[in-house]
1. Look through the stretch 517-535, keep the residues that are among the aliphatic types (A, V, I, L, M) and within 27 Å of Leu582 (Cα to Cα), and return whichever of them is surrounded by the fewest Cβ atoms within 10 Å (Cβ to Cβ).
2. Taking the criterion of being open to solvent by less than 10 Å² (accessible area, probe 1.4 Å) and in a helix (DSSP H, G or I), would at least one residue in the stretch 505-516 satisfy it?
3. Could you check the stretch 171-228 and list, in sequence order, the residues that are among the β-branched types (Val, Ile, Thr) and either in a strand (DSSP E or B) or surrounded by fewer than 21 Cβ atoms within 10 Å (Cβ to Cβ) (or both)?
4. Filter the stretch 276-315 for residues that are within 30 Å of Phe156 (Cα to Cα) and in a loop (DSSP other than H, G, I, E, B) and give the result.
5. How about the stretch 217-231: which of its residues are in contact with a strand residue (DSSP E or B) (Cβ under 9 Å, 6 or more places away or on another chain) and within 20 Å of Asp56 (Cβ to Cβ)?
6. Just for the stretch 32-86: of the residues that are over 28 Å from the mean Cα position of the chain (by Cα) and open to solvent by less than 40 Å² (accessible area, probe 1.4 Å), which one is modelled with the lowest pLDDT?
7. Filter the stretch 550-567 for residues that are open to solvent by 40 Å² or more (accessible area, probe 1.4 Å) and not acidic (Asp, Glu); which is nearest to Met447 (Cα to Cα)?
8. Evaluate the following for Ser121: is it of a type in the set (Gly, Ala, Ser), touching a Ser or Thr at 6+ places or on another chain (Cβ under 7 Å), at pLDDT below 90 and under 22 Å from Phe329 (Cα atoms)?
Amino acid sequence: MALRGLAGSGPSSRGPLEEAVAAAEEREAPAVVAAGVAREDDEEDDGRGRGLLRWDGFSAWLHCVCVVGFDLELGQAVEVIYPQHSKLTDKEKTNICYLSFPDSNSGCLGDTQFCFRFRQSSGRRVSLHCLLDQFDKDLPVYLKKDPAYFYGYVYFRQIRDKTLKRGYFQKSLVLISKLPYIHFFHTVLKQIAPEYFEKNEPYLEAACNDVDRWPAPVPGKTLYLPITGVVMKVRIPTCHDKPGTTQIVQLTQQADTHISVVLPTVHEVDLFRCFCPVFLHSQMLWELVLLGEPLVVMAPSPSESSETVLALVNCISPLKYFSDFRPYFTIHDSEFKEYTTRTQAPLLKSIIVICFDLQIIPNLASEIPKQVKVKKLKNLKTLDSKPGVYTSYKPYLSRDDEIIKQLQKGVQQKRPSEAQSVILRRYFLELTQSFIIPLERYVASLMPLQKSISPWKSPPQLRQFLPEEFMKTLEKTGPQLTSRIKGDWIGLYRHFLKSPNFDGWFKTRRKEMTQKLEALHLEALCEEDLLLWTQKHTEVETVDLVLKLKNKLLQADREHLPVKPDTVGKLRTHIDAIISALPEDLQGILLKTGMT
């Protein structure tokens, strides 16, 4: 399949700088508390009062900042890495160099913004900020970090300069991060990149120092983030937010006079602008992404390429896209051969690959394995190919003409792209929810009854997911209850159950439910009179119980089990009481073992 779409970047703004964060926090306090949002100056939450080291604050948001320039002899080269202690392997540096520049055929004069995603080198030590691990559990699944990948957010400038041998000034400022906050980091780049190109390294160092003073990226909190004289107000979504809503506290005339930029989203792109050239096929594209079918996107620039693929990946939200995807991809990427040689066909079975240079696509088509189902790609003209979807895929569902008419009417009435995006995003959300609700209902039935949980036995296991048993539930509780769309829903589900998206979704749900069972088991233990139990058993059995209870505490902390607030405290009290009743020699040993 080939898809060619349009994309772009959102606006930015500038504002005052004197004591902006302090003033905003003081004035915003009543509104934030009223909205149920925690204050970010709480030291226990943001970690700034825990003795964090220099650059820990920076590392919570970014891995590093790179400046990539063009050298006549070497080609693209990393000129600056900041902070200087940041670690990148040679392979990672090479990928960043090639992915930070548009292809030579693009003719991108002026300023261009886009993003890319690349694999972390194997064998390198995984370095994740300790606070991020703690906060990751509260994020929606589609915003959780993937420890195997980095994102690169690029601000590329190419302008004529007769003083240079090449005749052009070409340089990219690149933010490398684990966080998939596309809109947020593009906004940051719009604030710092233009001035960096004028003021160079001292300005970059000042910007990085500002980032190092930011509070941690805590989900659900309204954050005030000062950088180079402006203050951004953002809120990172949580897994508890209602899907499709934006809960950031909006600007008020009095409270936010010092706020320069308010971001209603940290990760969403302009959905309609990306789908506009192919919105007649929006529903089919939703199916293809849902099923993890391979897609090849062609676009005339990396900005259009990257935003289009991110729009595709996000169209099945709140489901997470579990296959690999590359918002921008070139033939120079170190993994290019993995995706284009016939011996590596399984890699392309479920991956969105983005190749933006139209001139290489027809030649590439002969190298791509047949599993990709690319049709008519070899017949496409390189320069005058019209936007469209080229595929042999037959949709399972009938096309929803109502959404097409609604979007067409918006185009005729010159409805703003933002409003069109709201309509399209709501449509995709309702479609995804109609699809996933029957699965959620069936998976919930796999959970053992709470009365079957005994404190003196291991937690019961989940029942096995049986595809045919699930299919039988669709007759009465299928998507027809919530969706007007007709078609072969059964066939769509059968295909989905074989996809990597189902595998990833079910593993996540199974982990959540298993943790719930562990938490219920822990709570059942707390309700027992454990001290009375020890009086009826031997010292060996009592010591074994204490060790198991301590392991339970360690597990609850390590896996962030969803236990009630007082459960852990009760269990610690039980453990202390049991140890106190033992002989002194055993007390000393048990107090040194594990945690109490």
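The values are calculated or read from the model by the stated rules, or taken from the named source; none is laboratory data. All values reported here derive from a predicted model rather than from experimental measurement. No Cβ is skipped: glycine too gets one built from the backbone with ideal geometry, and neighbour counts run over all protein chains shown. Accessible surface is based on the protein model in full, side chains and every heavy atom, while ligands, DNA and RNA are left aside. Shrake-Rupley method; radii C 1.70, N 1.55, O 1.52, S 1.80 Å.
1. Looking at the filtered set, the residue picked out is Leu532.
2. The answer is no, given that none of the residues of the stretch 505-516 is open to solvent by less than 10 Å² (accessible area, probe 1.4 Å) and in a helix (DSSP H, G or I).
3. Scanning the stretch 171-228 gives Val174, Ile176, Thr222, Ile227, Thr228.
4. Scanning the stretch 276-315 gives Pro294, Met298, Ala299, Pro300, Ser301, Cys315.
5. Pro217, Pro219, Lys221, Leu223, Tyr224, Leu225, Pro226
6. Checking each candidate, the answer is Gly75.
7. Step by step, filter the stretch 550-567, then rank; the result is Pro562.
8. Judged against the criteria, Ser121 is a match.
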